[in-house]
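Novice: After the C-alpha cells below, expect a handful of questions from me.
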Amino acid sequence: MRNALHPYVLTVLIAALIVLAPHTAVAAVNLPWSTSYNCPDWKQSDGLPSCDGLLDYGSWTCDNGDGTREEEQITAAANYPGGGGGKGQRSWDGDGTNNNSGATRLPLTNPQPELWIRFYMRYPLGFRWDPYPTYEKWLRVDTVNAIPIWYGPDKVAIGAYPAGQSYGSSDGTGWNTVMVAGATDPVTGLKTGDGLWHWYEVRIRINTPGNADGVGEIWIDGIQRLSRNDIDYRAELGSTFVPGGWTEVSWAHNQTTPGNGRCVPVDYDDVAIRAIGPIGPVGPADTLAPAAPSNLTVQ
C-alpha cells in the first residue's frame, strides 16, 4: 500500500506552490543585455515569449476596423538585415488613439539610476499621421515615467509620467527630419514613412533628490536630437518611485493619430540595454563595456 500525504501537509505544499509560482515565473535580467530576436516565432496570444528573458506586456490588439485584429509578434518579417539573428519584434499601430497591439517587457535584476537603450526601428513606406504625432511612444521605462516619443511634426521628447510632462527638443529634430526620404503627404504636409531602418539610442539618468537635474538624451542615426538635463523624474514618479532607479523596460506602447485606414506594422530589432554607454550601432560592441563615446555626434 502506497503512503499518502497527510491532508495538512498537502494543503501546506499547495499553498506554498501558489505563493511561489508568480515569483519563480518571472526572472529578471542583469545588464548589459541585448537581443536580436533569434527566437521561436511568437504572437501575444501564445503567452510568454521564449526569447532572451522577455515577457509579454498588455493584452491589447490593434483593430483594423473590419472585424479583424493584429497581435504583437516576433517574426522574420521584422528582421533588420544589418543586425544579428533572423527575426524582430513587430508592433501594430492603428488609426485613432491607443489602437495598438500589446508589448514586451524586460524586468531588471537591480534598480538602475542610469540606462542606455539602443534599438533599430522601422515605419513602413507610406505610413501617415492625421494630423501629426502628439505622442508615439517608442518604449517605456517602468510602468510610468521615462518615455521617448515623437513630439509634434518635427520634434522628439522624453515624456515623464504620470503627470504627463514632456521635455522636448527643438524643431528640425523629429519625424519630418528623420523621414526625409519619405514622400510628402498632400493633406498634412508631413513626411510619410520611408520604409527604412533607423538606429535610435536613448540615455536617461535619474535626478538627485530635490533637484530637477535628471538627464534625457536621444540620438537617431548617430545624431543627437535631444539633450535635456532639467528633468525631475522623482517628482513625476511620486509614491511609485523605486529607490535606486528604474526596474523595467518595455516596448512598444500606445500612441495617437496614425491615419492609415488600417493597422500597420512598426518593427523593432537589435535592442541593447546597458547601465553605461554609449552603445553605438549594432556589432560586437553590444557585449563589451564602452571605452569612449562611439559613433554618436552632437547636432
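Novice: What aspartates and glutamates could a cross-link reach from Lys155, if we take a straight Cα to Cα line under 20 Å and drop same-chain neighbours fewer than 8 places away?
Specialist: Cα-Cα hits under 20 Å: Asp93, Asp130, Glu136, Asp171, Asp185, Asp194, Glu201, Glu217, Asp221, Asp230.
Novice: Now for a different question. Rg/Rh for region 95-145: what does it come to with C-alpha atoms and Rh from Kirkwood?
Specialist: Rg/Rh for region 95-145 comes to 1.01.
Novice: Mind checking which lysines have their Cα closer than 19 Å to the Cα of Lys43? Skip sequence neighbours fewer than 8 apart in that chain.
Specialist: Correct list for Lys43: Lys87.
Novice: From the Cα gyration tensor of region 110-176, with a ≥ b ≥ c the square roots of its eigenvalues, which class applies: rounded if a/c is under 1.5, or else prolate if a/b is larger than b/c, or else oblate?
Specialist: Verdict is prolate for region 110-176.
Novice: Which order do the peptides 265-273, 60-68 take when ranked by the mean count of other beta-carbon atoms within 10 Å per residue, highest first? It would help to have the intermediate numbers written out before the result.
Specialist: Values: 265-273: 23.8, 60-68: 15.2.
The densest-packed peptide leads the list: 265-273, 60-68.
Novice: Evaluate the Kirkwood expression for the hydrodynamic radius of region 110-246, namely the inverse of the mean inverse distance over all pairs of different C-alpha atoms, and round to one decimal in Å.
Specialist: For region 110-246, inverting the mean 1/r across all distinct Cα pairs yields 15.4 Å.
Novice: Could I ask something else about it? Taking amide H positions as placed in the peptide plane 1.01 Å from N, state which residues far from Thr97 in sequence (5 or more) or on other chains have amide H under 5 Å from it.
Specialist: Those qualifying (amide H under 5 Å, at least 5 residues apart or on another chain) are Thr257.
Novice: OK, next. Amide H to amide H, which residues 5 or more places from Asp130 or on other chains are under 5 Å from it, using H placed in the peptide plane?
Specialist: Gly259
Novice: May I pose another question? Once you keep just the Cα pairs under 8 angstrom separated by 6 or more residues, what percentage relative contact order results for region 189-245? Can you show the working numbers first?
Specialist: Details: 83 pairs, mean separation 15.5, N = 57.
The value is 27 percent.
Novice: Please compute the Kirkwood hydrodynamic radius of region 46-172 from all pairs of different C-alpha atoms, in Å with one decimal. Spell out each step's value before the answer.
Specialist: On the way: mean 1/r = 0.0608 Å⁻¹.
Every distinct Cα pair counted, the radius reaches 16.5 Å.
Novice: For a label point 7 angstrom out from the Cα of Ile276 toward its Cβ, which stretches of region 103-125 have the backbone nitrogen within less than 20 Å?
Specialist: 109-118
Novice: Would you kindly derive the ³J(HN,Hα) couplings of region 33-44 from the backbone phi angles with the Karplus curve 6.51 cos²θ - 1.76 cosθ + 1.60 (θ = phi - 60°), listing them in order in whole Hz, with x for Gly and Pro?
Specialist: The phi angles translate into 9, 7, 9, 10, 6, 7, 9, x, 3, 8, 9, 5 Hz.
Any read-out appearing in this document is the output of simple, stated calculations on the displayed coordinates, not a laboratory observation. Owing to the predicted nature of the structure, the values given are computational and were not obtained by experimental measurement. Reconstructed Cβ throughout: ideal geometry from the backbone, glycine too, with neighbour counts over all protein chains shown.
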